[in-house]
Amino acid sequence: MTAAAVGGLSSLAMAQSLGDAEFNVVDRGRYLSILSDCAACHTAPGGRPFAGGLSIETPFGNLVTPNITPDRETGIGKYTKDDFQRVMSEGIGRGGYHLYAAMPYPAYTKMTAEDNAALFAYLQTLQPVKNQVEVNQLPFPYNQRWSLFGWNALNFTAGVFKPNADKSKQWNRGAYLVQGPGHCGTCHTPKNALGGDKDSEALQGFVIQGWNAPNITTDQHKGIGSWSVDDIVAYLKTGANRFDLASGPMAEVVTKSTSKISDSDLAAIATYLKDSGETSTAASAAIAQSEPVMKAGAALYADRCSGCHTPAGEGIPKLFPRLADAPLVNADDATSLIHVVLAGSRAGSTDAVSTSPAMPAFDWNMSDEQVASVLTYVRNSWGNAAPAVKPADVASLRDHLKKQ
């Protein structure tokens with residue numbers, strides 16, 4: 001049992017002693033904290049749950065997540081319910097200062113006041129932890145919070161989620177979860193030069209912290225258009241389906257958040273994603289197998305990859321990811337593929353699938369040119385078609401990983 005789980009049980013025991021009505025509110029807040037994946041960001045490696053201290057890498061420098069336990073000196077113990085509502089709906093902290101959007105208030109603004117009150121009630125039942133955190137570690141001029149007034153004017157629209165009367169109750173529940181507490185767009189929506197969401201390209205994929213959060217629209221080539229509702233539910237519930245295994249940051253999201261979400265909410269999320277209004281883009285032509293880079297990649301694939309992923313790239317369901325006609329493989333950006341080849345990866349473990357298969361790292365025995373060749377081959381074989389991977393891109397990510 002994790003420390004976060006122990007803390008959660010303790011807080012629920014405290015709430016239950018206060019009466020059924022209050023217990024129900026706190027329990028709802030506990031569930032909302034899972035939906036919102038609060039503990040993932042607000043818990044440092046090896047640290048106390050929700051006590052903050054996790055460094056978040058942004059294009060503008062690093063931010064450190066604050067302590068959101070009810071400690072009165074270093075946490076949110078002095079916050080009122082109204083203070084917390086303003087954090088969630090406006091991105092304004094107690095005392096009137098602007099928050100950075102690494103705290104995803106542009107998504108949380110869509111949450112209802114009732115849900116925010118329940119989440120606040122739950123956080124107030126946690127064990128207070130004294131842990132002073134210096135949140136703002138950005139260099140000048142990005143450390144000037146007053147500038148966020150202008151950022152919000154350009155990139156933030158406050159307002160609670162408004163249901164679409166033309167859609168079903170299930171679709172609207174899914175839209176609320178994806179756009180609000182799930183804050184899926186924080187990772188999966190491309191950003192402008194200021195770090196704001198490109199709303200016209202919602203959920204079409206974005207590179208963040210050395211990983212490509214893939215396109216999760218219904219795009220047939222680059223997105224999840226070929227996934228059924230059941231495929232999406234299985235992926236979020238177990239971390240695996242017939243197409244893919246969750247890896248990198250998404251493996252953690254599955255383990256700590258989506259695997260613990262109710263089946264009805266997972267079905268709602270899948271229903272919304274399958275009917276989110278996106279259209280497919282035309283696939284580019286695949287690079288010819290006769291090209292030297294493809295021949296070199298084919299030889300490397302046969303030697304290093306085919307034993308697990310099979311010679312035709314079909315993979316083994318729930319054990320080794322499918323590479324043939326795979327959305328992540330067809331993404332314009334190959335960052336995640338390069339990352340996995342260089343550093344290896346372990347899939348997330350869940351209650352439903354406790355075994356988490358791993359891929360070894362190849363950074364020690366493959367050159368930049370070799371990694372680029374094999375990935376170019378994978379991205380242009382078995383129905384895939386995507387731009388060639390450049391050795392310079394492999395070298396850049398290799399250097400980035402060495403600095404971590």
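The values are calculated or read from the model by the stated rules, or taken from the named source; none is laboratory data. Bear in mind that the values here come from a model prediction, so they are computed numbers and not experimental data. Reconstructed Cβ throughout: ideal geometry from the backbone, glycine too, with neighbour counts over all protein chains shown. When the accessible area is computed, the model is the full protein with side chains, heavy atoms only, and any ligands, DNA or RNA have been set aside. Shrake-Rupley method; radii C 1.70, N 1.55, O 1.52, S 1.80 Å.
Treating cross-link reach as a plain straight distance, find the lysines whose alpha-carbon is under 26 Å from the alpha-carbon of LYS130, omitting any fewer than eight places away in the same chain.
Qualifying lysines at Cα under 26 Å: LYS78, LYS81, LYS256.
Using modelled amide H (1.01 Å from N, peptide plane; none on Pro or chain starts), what sits under 5 Å from the amide H of ASN212, excluding residues fewer than 5 places away?
HN-HN under 5 Å from ASN212: SER336.
Modelled label-to-label distance, ARG72 and GLN289, 7 Å Cα→beta-carbon offset: nm?
7.3 nm
Are there trypsin sites (Lys or Arg not before Pro) in the range 235-303 that DSSP puts in a loop and that have at most 16 other Cβ atoms within 10 Å, and which ones?
Sites meeting the loop and neighbour criteria: ARG242.
Can you give me the Cα centroid spacing of the range 74-115 and the range 270-297 in angstrom?
So the two Cα centres are separated by 40 Å.
Hey, what's the range 248-404 come to in accessible area per residue, 1.4 Å probe, Å²?
48 Å²
Show the residues, 5+ positions off or on another chain, whose built amide H is closer than 5 Å to the amide H of ILE287.
So ILE287 has HN proximity to ALA386.
I need to check one value: relative contact order of the chain, counting alpha carbon pairs closer than 8 Å and at least 6 residues apart, in percent.
Computed over the chain, the figure is 13 percent.
Let me know the charge dipole size of the range 344-404 about its Cα centre in debye, to the nearest 20, where only the beta-carbon of Lys, Arg (+1) and Asp, Glu (-1) is charged.
The calculated dipole for the range 344-404 is roughly 60 debye.
Between (1) 69, 47, 41; (2) 114, 73, 38; (3) 81, 61, 46, which matches Cα extents along the principal axes in Å calculated for the structure shown?
Answer by label: (1).
How high is the relative contact order of the range 106-216, given as a whole-number percent (alpha carbon pairs under 8 Å, six or more residues apart)?
Once divided by the residue count of the range 106-216, the mean separation gives 27 percent.
Name the aspartates and glutamates eligible as straight-distance cross-link partners of LYS191: C-alpha to C-alpha under 14 Å, and not fewer than 8 places from it in the same chain.
Partners found: ASP199, GLU201.
Could you work out [θ]222 nm for the chain from helices alone, using -39500 (n - 2.57) per DSSP H run of at least four and dividing by all its residues? Round to the nearest 500 deg cm²/dmol.
-11500 deg cm²/dmol
To the nearest 20 debye, what charge dipole does the chain have about its Cα centre, counting +1 at the Cβ of each Lys and Arg and -1 at the Cβ of each Asp and Glu?
460 debye
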